[in-house]
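Step one of this worksheet: look at the structure below.
The values are calculated or read from the model by the stated rules, or taken from the named source; none is laboratory data. Source: prediction; values computed, not measured. For neighbour counting, all protein chains shown are included, and Cβ atoms are generated from backbone atoms with ideal geometry for every residue, glycine included. What goes into the accessible areas is simple: the full protein's heavy atoms, side chains included, and nothing from ligands, DNA or RNA. Shrake-Rupley method; radii C 1.70, N 1.55, O 1.52, S 1.80 Å.
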Protein chains: 2
Amino acid sequence: MSQLYFIRHGIAADREHFEHDFDRPLTDHGIAKTSQIAQRLAALGLCFDRILTSPLVRAQQTAELLRVAGLCGVIEELSALAPGGEVEALAAWWSEFTRGEASPTIAIVGHQPDLGLWAEWLLWGQPLEKLIVKKAGIIGLEVPAKGLACGTCELFWLTPPRFLI
Amino acid sequence: MSQLYFIRHGIAADREHFEHDFDRPLTDHGIAKTSQIAQRLAALGLCFDRILTSPLVRAQQTAELLRVAGLCGVIEELSALAPGGEVEALAAWWSEFTRGEASPTIAIVGHQPDLGLWAEWLLWGQPLEKLIVKKAGIIGLEVPAKGLACGTCELFWLTPPRFLI
């Protein structure tokens with residue numbers, strides 16, 4: 001059974017201070033808290049075959065904190081993980097990746113509401129915005145061998161950061 | 001916003017050693033692990049206005065371990081929480097209870113697959129068996145002021161015990 005983790009980026013700087021939403025970095029508090037979460041995930045024994053991240057700065061920084069904590073050595077950027085991206089592009093990436101990996105464990109660093117909507121699509125086949133995903137919050141999905149498709153997954157974890165640190 | 005926690009009973013003795021499923025107690029390992037979970041929940045600051053439990057021995061013992069950890073002083077037995085019970089009976093209890101409590105935090109100790117199915121009914125309006133709820137695992141739902149009804153809730157937590165201890 002493959003596992004897919006959706007990890008929302010940490011707390012980022014306010015929009016008013018940046019011309020482009022793309023450039024907003026994590027705040028110092030966001031870095032500290034996300035780093036704590038990353039270390040806790042490592043202590044729990046988690047290990048990813050690949051970290052896929054949205055190209056936005058706050059997501060890339062979050063992915064880097066996961067790498068530094070020892071959760072994975074390889075970070076890959078996927079433009080479809082930017083806000084408003086399509087889950088089908090992620091499914092296509094998965095399909096390509098799993099040709100070489102029998103049952104991978106993959107972490108996706110991205111944004112809300114996309115992560116929650118994608119998880120619901122993968123679980124129940126329709127996004128109803130019923131999952132509460134806080135910044136640095138995590139969703140854990142089990143993915144069957146037949147792949148990442150509408151209504152194929154099961155949910156084994158959804159946690160706000162406050163229950164991890 | 002009210003909160004509803006579904007907590008599955010801990011690891012119980014094998015069926016073959018008991019004539020009636022009702023009587024199966026937690027094993028020593030089940031008691032130790034469930035007690036650890038209860039203490040962790042208390043350390044996280046959780047506190048329940050009421051613990052409702054299935055009448056089965058393994059559920060009652062789990063509820064008692066939650067009480068001993070300081071999570072709640074009052075345990076109430078509800079026959080509808082026994083295996084195969086109806087979520088509508090729980091909704092009726094909620095409706096009655098919330099007449100006196102504006103936004104309570106309630107813990108329900110029960111069984112699978114019922115807890116997962118009830119949660120899905122409360123979230124998405126239909127049970128599709130997509131939630132993986134391990135023994136001593138926890139589901140956390142936010143319940144709106146209008147009450148506990150089909151498709152009214154949001155999910156903020158689902159955790160297996162291994163991510164808590």
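Numbers below:
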read-out	value
In segment B:119-140, residue farthest from the chain's Cα centre (by Cα) [restricted to those that are closer than 23 Å to residue A:163 by Cα and not aliphatic (A, V, I, L, M)]	B:130
Single match in B:49, B:21 (criterion: modelled with pLDDT under 95, of a type outside the set (Phe, Trp, Tyr) and open to solvent by 10 Å² or more (accessible area, probe 1.4 Å))	B:21
Number of the condition not met by residue B:88 [criteria: (1) open to solvent by 30 Å² or more (accessible area, probe 1.4 Å); (2) at the interface with another protein chain (Cβ under 9 Å from one of its Cβ atoms)]	(2)
Hey, residue A:115 out of contact with any helix residue (DSSP H, G or I) (no Cβ under 7 Å at 6 or more places or on another chain), within 14 Å of chain B (Cβ to nearest Cβ) and either open to solvent by 10 Å² or more (accessible area, probe 1.4 Å) or touching a residue at least 24 places away in the same chain (Cβ under 8 Å) (or both) or not	yes
Residue list for segment B:92-129, restricted to those being within 19 Å of residue B:80 (Cβ to Cβ) and aliphatic (A, V, I, L, M)	B:92, B:106, B:107, B:108, B:109, B:115, B:117, B:119, B:122
Options A:10, A:45: the member that is assigned to a loop (DSSP other than H, G, I, E, B) and touching a Leu at 6+ places or on another chain (Cβ under 8 Å)	A:10
Pairs where the first residue, in segment A:14-30, is within 17 Å of residue A:55 (Cβ to Cβ) and the second is modelled with pLDDT under 95 and assigned to a helix (DSSP H, G or I), C-beta under 7 Å, 6+ apart	A:21/A:15; A:24/A:15
Flag if residue A:55 is surrounded by fewer than 19 Cβ atoms within 10 Å (Cβ to Cβ), touching a strand residue (DSSP E or B) at 6+ places or on another chain (Cβ under 7 Å) and outside any helix (DSSP H, G or I)	yes
Among (1) over 17 Å from residue A:41 (Cβ atoms); (2) out of contact with any His (no Cβ under 9 Å at 6 or more places or on another chain) - the single one residue A:157 does not satisfy	(1)
Residue list for segment A:89-102, filter: touching a helix residue (DSSP H, G or I) at 6+ places or on another chain (Cβ under 8 Å) and either without any contact (Cβ under 8 Å) to a residue 40 or more places away in the chain or of a type in the set (S, T, N, Q) (or both)	A:89
Total residues in segment A:58-108, condition in a helix (DSSP H, G or I) and small (Gly, Ala, Ser)	8
Residue list for segment B:121-165, filter: in a strand (DSSP E or B), within 24 Å of residue B:65 (Cα to Cα) and either more than 10 Å from chain A (Cβ to nearest Cβ) or touching a Gly at 6+ places or on another chain (Cβ under 6 Å) (or both)	B:156, B:157
Test set (1) open to solvent by less than 40 Å² (accessible area, probe 1.4 Å); (2) without any contact (Cβ under 8 Å) to a residue 60 or more places away in the chain - residue B:129 fails condition number	(1)
Filtered residues of segment B:132-151 (kept if open to solvent by 30 Å² or more (accessible area, probe 1.4 Å) and touching a Pro at 6+ places or on another chain (Cβ under 7 Å))	B:134
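Let's see how each residue does on (1) open to solvent by 30 Å² or more (accessible area, probe 1.4 Å); (2) touching a strand residue (DSSP E or B) at 6+ places or on another chain (Cβ under 7 Å):
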site: A:26; (1), (2): no, yes
site: A:36; (1), (2): yes, no
site: A:40; (1), (2): yes, no
site: A:44; (1), (2): yes, no
site: A:60; (1), (2): yes, yes
site: A:75; (1), (2): yes, yes
site: A:82; (1), (2): no, no
